[in-house]
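The values are calculated or read from the model by the stated rules, or taken from the named source; none is laboratory data. All of these numbers come straight from a predicted model, not from anything done at the bench. Using ideal geometry, Cβ is built from the backbone for each residue, glycine included, and neighbour counts are taken over all protein chains shown. Accessible surface is based on the protein model in full, side chains and every heavy atom, while ligands, DNA and RNA are left aside. Shrake-Rupley method; radii C 1.70, N 1.55, O 1.52, S 1.80 Å.
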Amino acid sequence: MPSRLRPFLLGATLLLFTAAGCRKDGASSRSFPGAPVVIVSIDTLRSDHLPMYGYDKVETPHLASFRKDAILFEKAYSHVPLTLPSHASLFTGQLPAVHGLRDNLGYHLDPNVPTLAEVLRKGGYATGGAVSCIVLSGESGIGRGLDFWDDSVEPSVAHQALSRVQRSGAETEE
């Protein structure tokens, strides 16, 4: 096993064993070989403003439908309040100082840090992603390991601030 994979696999294994031991009912954990892995990240959306977390002043029919067959994480924390570095932490399990992405622009994912997409692909999964903001451009390496990465987000007006260069969810879905 390559030495660069050991910390990632060790962390993933420890996480799995910890999660398996956290069941309230004492039942054994189950395995779901080949189950789809879907990560939906909606940047800057507060969970306390979603119905699945108890908020009743808005309806989210598509998220509610997705939720029926999904695992809802009750507590999730970001290591950094910036889109690119926090997604890199999500995709690598590493802190920004380790994976190399410390800001939304000007940094690149450390090629020695394995990504979730690479691990899934080695396990036989087809992988892909699509983003709606330019700060998640593949030039940073954030899409490394994915078979498909759609980051074709263009400015809508001249001299647009990069933090505002984005496309609608409907465009990304297409």
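Points to keep in mind about this one:
- Length-normalised contact order for segment 90-131 - Cα pairs under 8 Å, 6+ apart - percent: 30
- Accessible-area composition of segment 51-95, carbon plus sulfur, in percent [1.4 Å probe]: 58
- Packing-based ranking, highest mean first, of 126-136, 66-76 given that Cβ atoms within 10 Å are counted: 126-136, 66-76
- Heavy-atom accessible area per residue - segment 20-174, 1.4 Å, Å²: 70
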